[in-house]
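Contents: one structure, followed by commentary.
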Amino acid sequence: MSTEPHRSLRYVDDITREDVLALEAFIYSQLQPVQDAAGETGDTFCALRSLEILVSDSAGLLLALLDQGGCDPEERFVMLREWNRLRTTASWWEYRDGYDTDRWNRLEHVDAAAEASHRAEIARVQAAAGDV
C-alpha cells in the first residue's frame, strides 16, 4: 500500500476510501448543474438518475470490498474494474477543477506481482514470435 498520499494510483492496494469518496463526490458535483437545469422530468433527468445509480453502485461495492480487506483475487479484480469504471466516468471532466489528474489514473494491474507476470508473458510471446 502506498504511504505517500499524493502519489498516483498504480495498483488496487493504493486505492483508499478517501479516493473512492472523492471521486464519487467529484462525479456528483459535475452532474448537479445539469440536474438543476434539467428539472425532474424528461429524458435528461432519467439519464442522469441512471448514471447516479451506476456511480453509487460502483462506489458502494468498491467501498465494501475495501472495508473487508479485498484480499481474495476475485475481489481484487472486481476492485480494479470498479475503480476503472468510476475513473473513466469522471475522466470526461478531467479538465475541470477538482479532478485529481496526479492521482486518479486508470489501473492496469491488481498488484506488482500481476504486473510482473503480465510483463513476463509479453516477453515470452515476443521471444516465441522471434523464434518463428
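Net length available on complete extension from ARG10 to GLU74 is 21.2 nm, with 0.36 nm assigned per residue and the Cα-Cα distance removed.
What number, in percent, do you get for the relative contact order of the chain if the mean sequence gap of Cα pairs under 8 Å and at least 6 apart is divided by its residue count? Write down the numbers at each step before the final one.
Working: 105 pairs, mean separation 49.4, N = 132.
37 percent.
Taking the helices alone, the chain has a mean residue ellipticity at 222 nm of -23000 deg cm²/dmol, built from -39,500 (n - 2.57) per DSSP H run of at least 4 residues and averaged over all its residues. Here ALA37 and ASP67 are evaluated by their C-beta separation; at R0 = 25 Å the FRET efficiency comes out at 0.10. Rounded to the nearest 20, the size of the Cβ-charge dipole of the chain about its Cα centre is 280 debye, with Lys and Arg at +1 and Asp and Glu at -1.
If you place +1 on the Cβ of every Lys and Arg, -1 on the Cβ of every Asp and Glu, and leave all else neutral, what size is the dipole of region 48-101 about its Cα centre, to the nearest 20 Debye? Present the calculation step by step, with values, prior to reporting the outcome.
Working: 6 positive and 10 negative charges, 40 e Å.
With Lys and Arg at +1 and Asp and Glu at -1, about 200 debye.
If you take the Cα centroid of region 70-91 and the Cα centroid of region 43-57, the two points sit 19 Å apart.
Averaging 1/r over each pair of different alpha-carbon atoms in the chain and inverting the result gives 16.5 Å, the Kirkwood hydrodynamic radius. Could you tell me which of rounded, prolate or oblate describes region 59-122, using a ≥ b ≥ c as the square roots of the eigenvalues of the alpha-carbon gyration tensor, with rounded for a/c under 1.5 and, failing that, prolate when a/b is larger than b/c and oblate otherwise? It is oblate, given that a/c is not under 1.5 and a/b is not larger than b/c.
Could you give the longest part of the chain that holds none of the trypsin sites (Lys or Arg not before Pro) found in DSSP loops with at most 12 neighbouring Cβ atoms within 10 Å? Walk me through the intermediate numbers first.
On the way: sites that count: ARG7, ARG96, ARG106.
That gives 8-95 as the longest site-free run.
The angle separating the long axis of helix 42-67 from the principal Cα axis of greatest extent in the chain is about 50 degrees.
Accessible area per residue for region 3-70 in Å², computed with a 1.4 Å probe and the full protein assembly in place, what is it? Don't skip to the answer; put the middle values down first.
Details: 3840 Å² over 68 residues.
I get 57 Å² per residue for this part.
The values are calculated or read from the model by the stated rules, or taken from the named source; none is laboratory data. Note that the structure is predicted; figures quoted are calculated from it, not measured. Reconstructed Cβ throughout: ideal geometry from the backbone, glycine too, with neighbour counts over all protein chains shown. With ligands, DNA and RNA removed, areas are computed over all heavy atoms of the protein, side chains included. Shrake-Rupley method; radii C 1.70, N 1.55, O 1.52, S 1.80 Å.
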